[in-house]
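S.K.: Structure in structure tokens, see below.
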Amino acid sequence: MRAVFKAAGLILSQQLSVQLGYRMAFVQVALFEAIGLVGTLFYWRAAATSGSGSGYSAAGIVIYFIVASSHQILQESGISRSLSMDIRTGKLAASLVRPFPFLLQPVCQGIAYSLSRLLMIGPVLVAIFVFVPALRDFFVDVAREQGGVIWLSGYLAALSLGLVCNLVVRLSLGLLAFDMTQTWGPELLFMSIFFALSGVVYPVDLLPVPAVQALSWTPFFYMQGLPNLVALGRVSDGALTAYLARGCLVTVIATFILVFMWRRGVRKFEAIGI
Amino acid sequence: MKQQTASSQRSFFRIYRQALSNSAGVMLAYRSNLIFFFLFESFFLTSSFLGAGLGVSLAGGSINGWSRDQVFALTALNGVSHQFFVCFFIAPLFNLPEYVWNGRMDYILQKPLHPLLALMATSEIMISNVPNFAINLALAVYFILKIAPPSGASVWLAFGLLGSLGIAVRFALAIFCMAPAFFAERLVEGEDGFWSIVGTGRFPTSVFPRAVERIMLYVIPLSLMAAVPAGFLFNRLDWQQVAMAGTSGCFFVVGSLLFFNWAVRSYKSVNSGL
């Protein structure tokens, strides 16, 4: 067990140094993302300014999309591609002989990814909220209404659940390579469903209540929708507890599927790379 | 000179026809990919319409003067332009960095055609996106007919010209994003940059603050990709604005071609082994 922890620590520190080493590439991507975000922010700001039915103020809607993009930055999305490539090329064989469970490697990779991204975007977010009083005041009001500690712990729980859920789902997508040569088809499909249903393109609570309830039985809701809504203080305490419990259940089921796919895949894996 | 041009054109059409039939053959062989592409694009279309529609609902039925149907028509028109670009232009331009890095550009430059035409004639034509092109086109026609804009041959002709210019602007933006690969291998995020920036063209111009609106219309005319043709048809923009945006679009396209011609001269035929 100690060897496993030691290996995990080593992988984590290596991955962190790799991720932080490519910080310029990250800055480049972040800059492009920011340009793309401008259109979305103005569209939704115009929408919130024109109407008032849903309780979203102009500041609230802008914050929603800033929060949503930040959450997306924290979520490792390339892990499924690298895992499926390892399986397809037979490189997985080299990892299997290592003296620790293989899945430890991508899990540490995912954690390192989120931590490195947090280190990089954290100061930017802090600067935004320090220097833009309207955004800062928005969060001060949310903390005051909901109780600072309760709101913060609820948010951290929702965010952690989202990151775990993302990791489990992405790993499962990568494991499809045990059964198919090309996994980019399902990956693209997943990405488009994620965009349509997770709340990254629109605030998910604008959908009718039954639709939100149905979505809460899928991982998509926990990967984006719930953390975004909790950050904005749009989920009451009771509802949050119910969502978190349901989210844990969804994640556990997804993890079972992941483990099943892994065991089944490794049994028939022949280390023949193509 | 005239004879040489005619011969080049003949060569281009001959090779392009061959590329088209090869692409169709390859894509039809991988039928499952066709299905995945169709589903992927359909979910993206759904998320675009959901995002646009929920924004209008939040605004109370119209957003800065654009009705729900007009916003939907704009979304569909953007889809038409996007799918046309994907079908015919995405592969040659997005493969460009790889061609530069692995020295395959040598083979492109040896063809008796302009490098851009040679790239087009030797790259895949994404027939997988034809069904979604047709769906977007049908939706655009449906919403435009529903709104019943002012008819008249000159209006429709101008609309068609603006739509074509919009596709050319999309093409030009892709050149600006991908051609820097001729200068530095590390400029690898051009594709991400394109996808982030291109989305801004799908929003009604009136949602932007005046300064940003002018930039989008007259400086970097991204709105020409969909918002200007739609705005012209629905009388959201006057003739003067449209003419200025169109002129700016022509300059943008010519500028991109000049940039490509300048960039291609930096090609050193050095294989980085990537």
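S.K.: Is one or more of the residues making up segment B:147-166 closer than 20 Å to B:Ala263 by Cα, more than 14 Å from chain A (Cβ to nearest Cβ) and touching a residue at least 24 places away in the same chain (Cβ under 8 Å)?
M.R.: No, segment B:147-166 has no match at all.
S.K.: Give me a count of the residues in segment A:50-79 that are modelled with pLDDT of 85 or more and within 8 Å of chain B (Cβ to nearest Cβ).
M.R.: Looking only at that region, the number is 1.
S.K.: Among the residues of segment B:134-147, is any of a type outside the set (A, V, I, L, M) and under 15 Å from B:Val228 (Cα atoms)?
M.R.: Looking through segment B:134-147, none of the residues is of a type outside the set (A, V, I, L, M) and under 15 Å from B:Val228 (Cα atoms).
S.K.: Right, here's the next one. Mind listing just one residue for me: the one in segment B:41-51 that is crowded, with 17+ Cβ neighbours inside 10 Å and free of Cβ contacts under 8 Å to residues at least 60 places away in the same chain and, of those, farthest from the other protein chains (Cβ to nearest Cβ)?
M.R.: B:Phe49
S.K.: Among residues belonging to segment B:67-92 that are aliphatic (A, V, I, L, M) and within 18 Å of B:Gly51 (Cβ to Cβ), point out the one that is surrounded by the fewest Cβ atoms within 10 Å (Cβ to Cβ).
M.R.: Looking at the filtered set, the residue picked out is B:Val80.
S.K.: Which residue out of A:Phe131, A:Phe178 is crowded, with 18+ Cβ neighbours inside 10 Å, more than 24 Å from A:Tyr222 (Cβ to Cβ) and of a type outside the set (Val, Ile, Thr)?
M.R.: A:Phe178 is the lone residue from the list that is crowded, with 18+ Cβ neighbours inside 10 Å, more than 24 Å from A:Tyr222 (Cβ to Cβ) and of a type outside the set (Val, Ile, Thr).
S.K.: Quick one: which helices (runs of 4 or more DSSP H) lie wholly within segment B:37-114 and hold at least 3 residues that are closer than 24 Å to A:Val62 by Cβ?
M.R.: Helices (runs of 4 or more DSSP H) meeting the threshold: B:68-88.
S.K.: Would you pick out the residues in segment B:19-40 that are modelled with pLDDT under 85, buried (at least 20 other Cβ atoms within 10 Å of the Cβ) and within 20 Å of the chain's Cα centre (by Cα)?
M.R.: B:Phe37
S.K.: I'd like to know if segment A:241-259 contains one or more residues that are surrounded by 17 or more Cβ atoms within 10 Å (Cβ to Cβ) and within 14 Å of another protein chain (Cβ to nearest Cβ).
M.R.: Within segment A:241-259, not a single residue is surrounded by 17 or more Cβ atoms within 10 Å (Cβ to Cβ) and within 14 Å of another protein chain (Cβ to nearest Cβ).
S.K.: What is the one condition in (1) in contact with a Gly (Cβ under 9 Å, 6 or more places away or on another chain); (2) on the phi > 0 side of the Ramachandran plot that A:Val142 does not satisfy?
M.R.: (2)
S.K.: Any residue at all in segment B:231-249 that's hydrophobic (A, V, I, L, M, F, W, C), under 18 Å from B:Ala76 (Cα atoms), away from every other protein chain (no Cβ under 14 Å) and part of a helix (DSSP H, G or I)?
M.R.: yes
S.K.: Here are some residues: A:Ala47, A:Ala93, A:Ala112. Which one is hydrophobic (A, V, I, L, M, F, W, C) and within 14 Å of chain B (Cβ to nearest Cβ)?
M.R.: One residue alone meets the criteria, A:Ala47.
S.K.: To continue, here is another question. Considering B:Leu258, B:Leu217, B:Leu274, B:Leu222, which residue is of a type in the set (A, V, I, L, M) and at pLDDT below 90?
M.R.: Just a single option satisfies the conditions, and that option is B:Leu274.
S.K.: Pairs only if they're at least six apart or on different chains, beta carbon under 8 angstrom, first in segment A:56-71 and within 15 Å of A:Gly233 (Cβ to Cβ), second outside any helix (DSSP H, G or I) and among the hydroxyl-bearing types (Ser, Thr, Tyr); list them, first residue then second.
M.R.: A:Tyr64/A:Tyr56
The values are calculated or read from the model by the stated rules, or taken from the named source; none is laboratory data. Keep in mind that this is a model prediction, so the values were computed, not measured. Every residue, glycine among them, receives a Cβ derived from its backbone with ideal geometry; neighbour counts consider all protein chains shown.
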